[in-house]
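The values are calculated or read from the model by the stated rules, or taken from the named source; none is laboratory data. Everything numeric here is computed off the predicted structure, so don't read it as measured data. Note: ideal-geometry Cβ built from the backbone for every residue, glycine included; neighbour counts use all protein chains shown.
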Amino acid sequence: MAGRLAPYKRIVVKIGSALLVDRKSGLKRGWLQSLARDIAGLRKAGHEILVVSSGAIAMGRTVLDLRAGSLKLEESQAAAAVGQIALARAWDEALGAQDITTGQVLVTIDDTESRRRYLNARATIGALLRMKAVPVINENDTVATSEIRYGDNDRLAARVATMMNADLLVLLSDVDGLYTASPATDPDARHLADVAAITPEIEAMAGDAASELSRGGMRTKIEAGKITTQAGTAMIIARGSSDHPLEVLGSGGACTLFHPNPAPVSAWKSWIAGQLEPQGRLVVDAGAHTALKSGKSLLAAGVKRVDGTFERGDTLAIVLEGSGAEIARGLAGYDSGEAAKIAGHRTSEIEAILGYAPRAAMVHRDDMVVKA
């Protein structure tokens with residue numbers, strides 16, 4: 001079934017509100033069931049699937065019979081509180097029918113931008129994937145403030161895709177891709193099947209949201225494309241209104257493919273390497289240096305000394321014992337107090353020292369840039 005999607009192992013699928021919820025009748029249950037079967041098929045073919053699902057506010061509006069048009073902030077939050085329960089139940093039932101376990105993850109934009117919360121969110125989602133569950137992620141609209149009025153799940157999906165090192169982000173929407181102009185108003189508008197790079201000309205083609213249930217539009221999809229492609233993740237915009245939308249896409253349905261940067265340098269790792277001042281230092285031995293150069297994480301056993309006061313998620317300089325040269329930079333997996341206690345110890349000894357099961361590494365390779 002994968003077809004066009006075959007090259008991409010880890011895929012984030014974003015679902016727009018208008019696809020999932022009808023303003024009058026509520027949840028489009030048959031459509032969701034067909035999508036769940038698509039997801040099951042992709043998983044059987046070896047793909048990892050993450051879902052970013054809009055629809056909480058839209059479902060809540062239907063349940064509460066709120067009027068059409070704009071809502072006050074507290075009304076949107078109330079709708080989200082009601083709709084989120086219904087949305088989670090819908091996903092659990094649809095994927096459960098395919099023998100797939102569902103995990104709900106509620107985040108705000110801040111959760112993907114704050115270093116510490118970023119690490120926690122990524123660790124949770126990563127654990128769900130390792131346990132063969134499908135994470136269903138949504139913005140936490142019940143407590144969001146400015147995000148609930150100005151946020152959108154296109155950009156949230158892009159942040160999730162880059163956070164989880166996804167190979168592809170699929171934005172399922174009510175349009176089949178990017179056009180040179182709005183096809184609703186310009187009969188000469190041309191569909192673009194491929195976008196090699198997002199230029200100012202491409203950005204100028206974006207329009208606004210087309211549905212009262214949507215907070216995003218083509219403009220936010222282009223912004224999502226900038227986030228993903230710069231980090232080396234491809235992005236597809238495709239129409240999702242038909243049943244089995246991923247099967248249709250995989251077998252050649254119309255879409256726009258935004259190609260990733262051909263020589264991607266992770267925006268996340270670039271940020272670690274050059275934009276933050278380190279809050280502390282880890283002094284390591286030559287054996288650890290060799291391991292880092294081969295692409296491995298920094299384990300506690302290779303750390304000879306811990307300098308500075310820092311918290312988990314803070315930026316650290318990793319320096320070589322003797323020369324003092326900075327050989328890498330990364331994000332702390334432990335607070336400085338914990339790091340000092342376990343420095344020089346084997347992983348098997350850490351639980352007895354700290355009183356809890358150890359994390360994977362002092363600094364994980366995904367959160368580290370090793371200097372040449």
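Kindly establish whether G253 is modelled with pLDDT of 90 or more, assigned to a helix (DSSP H, G or I) and not basic (K, R). Considered against the rule, which asks whether it is modelled with pLDDT of 90 or more, assigned to a helix (DSSP H, G or I) and not basic (K, R), G253 comes out as no.
So, in region 201-237, of the ones that are among the basic types (K, R) and modelled with pLDDT of 85 or more, which residue ends up farthest from the chain's Cα centre (by Cα)? So the residue we want is R219. Name the residue that is surrounded by the fewest Cβ atoms within 10 Å (Cβ to Cβ), counting only residues in region 124-141 that are modelled with pLDDT under 90 and over 12 Å from the mean Cα position of the chain (by Cα). Result: N140. A68 - would you say it is at pLDDT below 95, under 26 Å from V12 (Cα atoms) and not hydroxyl-bearing (S, T, Y)? For A68, the condition - at pLDDT below 95, under 26 Å from V12 (Cα atoms) and not hydroxyl-bearing (S, T, Y) - is not met.
Kindly provide the set of residues from region 300-321 that are out of contact with any strand residue (DSSP E or B) (no Cβ under 9 Å at 6 or more places or on another chain) and either modelled with pLDDT under 95 or assigned to a strand (DSSP E or B) (or both), ordered by number. E311, the sole residue that qualifies. Please verify whether S297 is in contact with a strand residue (DSSP E or B) (Cβ under 7 Å, 6 or more places away or on another chain), closer than 23 Å to T233 by Cβ and modelled with pLDDT of 90 or more, treating the condition exactly as stated. Spelling it out, S297 is indeed in contact with a strand residue (DSSP E or B) (Cβ under 7 Å, 6 or more places away or on another chain), closer than 23 Å to T233 by Cβ and modelled with pLDDT of 90 or more. Does E74 satisfy the condition of being assigned to a helix (DSSP H, G or I) and loosely packed, with under 14 Cβ neighbours inside 10 Å? In short, yes.
Can you report the number of residues in region 35-60 which are among the hydroxyl-bearing types (S, T, Y) and part of a strand (DSSP E or B)? So the answer is 1. Scanning region 50-71 for residues that are in contact (Cβ under 8 Å) with a residue 40 or more places away in the chain, surrounded by fewer than 23 Cβ atoms within 10 Å (Cβ to Cβ) and either of a type outside the set (S, T, N, Q) or out of contact with any strand residue (DSSP E or B) (no Cβ under 6 Å at 6 or more places or on another chain) (or both) yields A68, G69. If you go through region 4-31 and pick out every residue that is within 23 Å of the chain's Cα centre (by Cα) and either at positive phi or crowded, with 21+ Cβ neighbours inside 10 Å (or both), you end up with 12.
For region 8-30, a tally of residues being farther than 25 Å from V107 by Cβ and either in contact with a Gly (Cβ under 8 Å, 6 or more places away or on another chain) or assigned to a helix (DSSP H, G or I) (or both) returns 2. May I ask you to verify whether A123 is part of a helix (DSSP H, G or I), touching a residue at least 24 places away in the same chain (Cβ under 8 Å) and not polar (S, T, N, Q)? No; evaluated as a whole, the condition is false for this residue.
Checked against (1) over 24 Å from R122 (Cα atoms); (2) touching an Asp or Glu at 6+ places or on another chain (Cβ under 8 Å); (3) among the aliphatic types (A, V, I, L, M), A317 passes all but condition (1). Does T180 satisfy the criteria of being modelled with pLDDT under 90 and either among the charged types (D, E, K, R) or out of contact with any helix residue (DSSP H, G or I) (no Cβ under 6 Å at 6 or more places or on another chain) (or both)? Taking the combined requirement at face value, the residue does not satisfy it. Restricting region 310-323 to residues that are more than 14 Å from Y118 (Cα to Cα) and in contact (Cβ under 8 Å) with a residue 40 or more places away in the chain leaves a set whose member that is surrounded by the fewest Cβ atoms within 10 Å (Cβ to Cβ) is I318.
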